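Structure, as structure tokens:
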Amino acid sequence: MQLQRKDILGLQEMTPEEMRLILDTAISHKEILSRPVKKVPILRGKSVCTLFYENSTRTRTSFELAAKIMSADTTSISVAGSAINKGESFKDTLLTLEAMGIDLFVIRHGASGSPHFAARTVKAHVINAGDGMHEHPTQGLLDMLTILENKERFDGLKVVIVGDIMHSRVARSNIWGLSKMGADVRVCGPSTLLPAEIEKLPVTVFTDLGAALDGADVVNVLRIQLERMDRGFFPSVREYARLFGISKDRLRGCKPDVLVMHPGPMNRGIEISPEVADGEFAVITDQVTNGLAVRMALLYLLLGGGGNVAAA
Amino acid sequence: MWLLLSNGRIIDPSRGIDKVGDLLIEDGRISGIDCPAPGEPDSEIRPSVSVPGEPDSEIRPSGSAEIRSRCIIDCTGLVVAPGLIDMHVHLREPGFENKETIATAAKAAAAGGFTTILGMPNTKPAIDNRAVVEYVLNVGKCADVNVLTSGAATKGNDGAEMAEIGDMIDAGAVAISDDAFPVQSADMMRRVMEYASMFDVPILTHCEDKSMTLDSVMNEGVNATILGLKPWPRQAETLMVLRNILLAELTGCKLHIQHVSTAESIAAIRWAKDKGIKVTCETGPQYFSLTDAALNTYDTNAKINPPLRTEADVDAIKAALADGTIDAIATDHAPHSLEDKQVELAYAAFGMVGLETAVPLVITNLVKPGVVTLSEAIAKMTVAPARILSIEAGTLADGAVADVTIIDPEAKVTVRAAEFKSMGRNTPFEGFELTGKAVATVVAGKVVSGGLEAGD
């Protein structure tokens, strides 16, 4: 089976079959990471560009390592802040890089929909590495892979996403991906950080963390951006930690084999206590490894699959 | 010189006329309905009949293209209406001539069936003093249609210091407006309205509480949540509508609410009208033709302010057009250059062009489904804005200046931005197949659009 699409923009438009294919491919690629020589020649001669308009350590490194393991050539461009008022427009940057022979763009951008704009602008493949408050599909897929490895299913799992749902692209990708695979997705956060009409998405909405965690199989803890406090979304870090911080105590209402995930970087002691972050339920470093596997799988399916008919 | 528009369906809502007949125009003025031609014509022109499957229906001269000073236009099957008035247009000149000029806006207006357009004051420099008012009116004199201007409520549209309203009115501005830069201070707005009431001009207001819309991109709701776009809550509009209504009651100023987009704003205006407060309002074709789902592909051409709303709002707007709560239809024609729109959605400019799609959208989405009659729709684009602005236009009365729009209500059109006369290509209606078209536009007895312009 091939992936019949040019770009990976979000999990909202993806079918369960496509996600299953990506996850299966990731599982088979993960084996490469345990080899003494972590190098395969599949993407030799392919050129991958990571174009990041926002800071990122793990996502960018993960994509670059994935590409290098697959023997692709990588170029990384960082644009500090937005290029709107200075320098080259996004469109011109894309066209310039494409003219240099880039086969696949990995794009992170603070403005939602920017990868869609890029996908319409260039013939090369585009993978969304996080756009504004919209989606972060590779994070969604790596979270799903981590859940699958530990629970061996999605159907009927109670997955709770806790924190700043409004501004989170991770939350949106998790909601679409997991709900399509049959999980029971719950979101929980301060009412000021729940976006309008979130209940119209396939989720159950909570503002009471205890109720949300009741019987949970998985807890995905989102990073709280401290600058939200200044904009009046919540009164203090102290109160946020009291109401929504995940501590050992809080986890008592969950299933005994609950899985605790965090997309990183963590604010230890705020949204997650150190005991939980380093504790028996946490799979946070596994997520990072799975991120590499998922990104290798996507690069393979888009660039090296041999018969991707949607390829440019 | 005379022009006889023969055998058309003459609709003149200013006088309650809707009948088939001949309209005679002599020396730039309306002579009357069913007056005989004063002599032998030197040319007779028949419009091509609209054929299903043929997208365009354009009037083509049957005879010579030479100067026609005694001309009969066969309007059989067509509607002959007073020239349409668009009371909400961004001319962009002075300052943004890369987006539009007064001349090109006027050509777009003529192509769309409008004979009078009212410019908004958010130019650069702002239209906030006599000199700029005179500049716009002087340039407008050479344009294809009648160009009117509003004056800014505050100097530089900064909301802090009142502009010289009296001097601008004296120079020919017909209204005062805070469009695009809504006055945030209630106290400042109170003073502006009190002051403007001395001159008996309406104040046209863009209603937006900016404290709720910082960096906002689209309507707050499930679509914004899914797309991850900064929401523009409907309450930001209605709060300001309510504030301005209360200030109109306090000051006695004539208040006109621009581009109404929400059901709650309509309810507020209905309440104010019932109470006898001097308030009128307009909406644009975009607000009864599209919802915020138009943003689902991150189409920057669908990013407008106020934003596209929901299905329920569209229904409320249609009901308010039908029951008369909404007085006028105006386009908020907001041309932008390609580079203003070919960017990330969050950074794209607000606005869409409207002059050349208004008539087909009104006929397709209001008249054909029976929301309003053709006569009612024409009233909202002619006599209603004329009365709001207290201008002599929007009528086919004997002796009136002969501004006339000829409409083929059955023409099939496909929207093609590349064919626009406007410099702006920013329309979310590209490729839409619509019904109805202005096939000829007559300004002061002269055909300015419709295939007859050459040789005039």
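The values are calculated or read from the model by the stated rules, or taken from the named source; none is laboratory data. A quick note: this is a predicted structure, and the numbers were derived from the prediction, not measured. With ideal geometry, Cβ positions are generated from the backbone for all residues, glycine too; neighbour counts draw on all protein chains shown.
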| task | Kindly indicate whether B:D200 is at positive phi, within 14 Å of chain A (Cβ to nearest Cβ) and surrounded by fewer than 22 Cβ atoms within 10 Å (Cβ to Cβ). | result | no
| said: For the stretch B:278-329: of the residues being among the acidic types (D, E) and under 30 Å from B:G252 (Cβ atoms), which is farthest from the chain's Cα centre (by Cα)? | reply: B:D323
| Can you name every residue in the stretch B:203-230 that is within 23 Å of B:H90 (Cβ to Cβ), touching a Leu at 6+ places or on another chain (Cβ under 7 Å) and either assigned to a helix (DSSP H, G or I) or more than 14 Å from every other protein chain (Cβ to nearest Cβ) (or both)? | B:I203, B:T205, B:D209
| task | Quick one: in the stretch A:223-244, of everything that is within 26 Å of A:L178 (Cβ to Cβ), under 22 Å from the mean Cα position of the chain (by Cα) and away from chain B (no Cβ under 14 Å), which residue is surrounded by the fewest Cβ atoms within 10 Å (Cβ to Cβ)? | result | A:Q225
| query | Could you list, in sequence order, the residues of the stretch A:68-86 that are of a type in the set (S, T, N, Q), in a loop (DSSP other than H, G, I, E, B) and modelled with pLDDT under 95? | reply | A:S82, A:N85
| Only listed residue being more than 15 Å from B:L84 (Cβ to Cβ) and either of a type in the set (D, E, K, R) or within 14 Å of chain A (Cβ to nearest Cβ) (or both), chosen from B:L321, B:L338 | B:L338
| task | Output the number of residues of the stretch A:20-49 satisfying the condition of being more than 22 Å from A:D73 (Cβ to Cβ) and either over 18 Å from the mean Cα position of the chain (by Cα) or loosely packed, with under 11 Cβ neighbours inside 10 Å (or both). | result | 4
| Given A:F154, A:F105, which one is part of a loop (DSSP other than H, G, I, E, B), at pLDDT 95 or above and more than 14 Å from chain B (Cβ to nearest Cβ)? | A:F154
| said: Residues that are without any contact (Cβ under 8 Å) to a residue 40 or more places away in the chain and farther than 27 Å from A:V40 by Cα: list the helices (runs of 4 or more DSSP H) wholly contained in the stretch A:232-312 that include at least 1 such residues. | reply: A:237-244, A:274-277
| message | Filter the stretch A:84-99 down to the residues that are within 14 Å of chain B (Cβ to nearest Cβ) and either among the β-branched types (V, I, T) or surrounded by fewer than 21 Cβ atoms within 10 Å (Cβ to Cβ) (or both) and list them by number. | response | A:I84, A:N85, A:K86, A:G87, A:E88, A:S89, A:K91, A:D92, A:T93, A:L95
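Residue-wise test of (1) on the phi > 0 side of the Ramachandran plot; (2) within 14 Å of chain B (Cβ to nearest Cβ); (3) surrounded by fewer than 18 Cβ atoms within 10 Å (Cβ to Cβ).
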site	(1), (2), (3)
A:G101	yes, no, yes
A:A111	no, yes, no
A:P115	no, yes, no
A:K123	no, no, yes
A:G130	yes, yes, no
A:H136	no, yes, no
A:D143	no, no, no
| said: Could you tell me how many of the residues in the stretch B:99-122 are touching a His at 6+ places or on another chain (Cβ under 8 Å), of a type in the set (G, A, S) and not in a helix (DSSP H, G or I)? | reply: 1
| query | How many of the residues making up the stretch B:389-410 are surrounded by fewer than 24 Cβ atoms within 10 Å (Cβ to Cβ) and among the β-branched types (V, I, T)? | reply | 3
| task | Tell me, yes or no, whether the stretch A:61-73 has at least one residue that is in contact (Cβ under 8 Å) with a residue 40 or more places away in the chain, surrounded by fewer than 18 Cβ atoms within 10 Å (Cβ to Cβ) and among the aliphatic types (A, V, I, L, M). | result | yes
| said: The conditions are (1) of a type in the set (G, A, S); (2) more than 10 Å from every other protein chain (Cβ to nearest Cβ); (3) farther than 24 Å from B:A316 by Cα, and B:A236 fails exactly one of them. Which is it? | reply: (3)
| message | I'm told A:E17 meets every condition in (1) within 18 Å of the chain's Cα centre (by Cα); (2) surrounded by fewer than 20 Cβ atoms within 10 Å (Cβ to Cβ); (3) of a type outside the set (K, R) except one. Can you identify the failing condition by its number? | response | (1)
| request: Residues being aliphatic (A, V, I, L, M), over 14 Å from A:A212 (Cβ atoms) and surrounded by 23 or more Cβ atoms within 10 Å (Cβ to Cβ): count how many of those fall in the stretch A:176-192. | output: 2
| For the stretch B:253-295, what are the residues that are closer than 19 Å to B:A384 by Cβ and in a helix (DSSP H, G or I)? | B:S265, B:I266, B:I269, B:R270, B:A272, B:K273, B:D274, B:P285, B:Q286, B:Y287, B:F288
| query | Taking interchain pairs and intrachain pairs at least six residues apart, which have beta carbon atoms under 8 angstrom, with the first residue in the stretch B:374-390 and within 17 Å of B:L361 (Cβ to Cβ) and basic (K, R) and the second assigned to a helix (DSSP H, G or I) and modelled with pLDDT of 95 or more? | reply | B:K380/B:L321
| message | Quick check on this structure: which one of A:A196, A:A212 is small (G, A, S), closer than 24 Å to B:K230 by Cβ and not in a strand (DSSP E or B)? | response | A:A196
| remark: Exception for B:S177 within (1) under 23 Å from B:N305 (Cα atoms); (2) more than 14 Å from every other protein chain (Cβ to nearest Cβ); (3) buried (at least 24 other Cβ atoms within 10 Å of the Cβ); (4) in contact with a helix residue (DSSP H, G or I) (Cβ under 9 Å, 6 or more places away or on another chain) falls at (4)
| request: Report whether or not B:E44 is surrounded by fewer than 23 Cβ atoms within 10 Å (Cβ to Cβ), in a strand (DSSP E or B) and at pLDDT below 90. | output: yes
| remark: Being surrounded by fewer than 22 Cβ atoms within 10 Å (Cβ to Cβ), out of contact with any strand residue (DSSP E or B) (no Cβ under 8 Å at 6 or more places or on another chain), without any contact (Cβ under 8 Å) to a residue 60 or more places away in the chain and away from every other protein chain (no Cβ under 14 Å) narrows B:L250, B:L242, B:L290 down to just B:L242
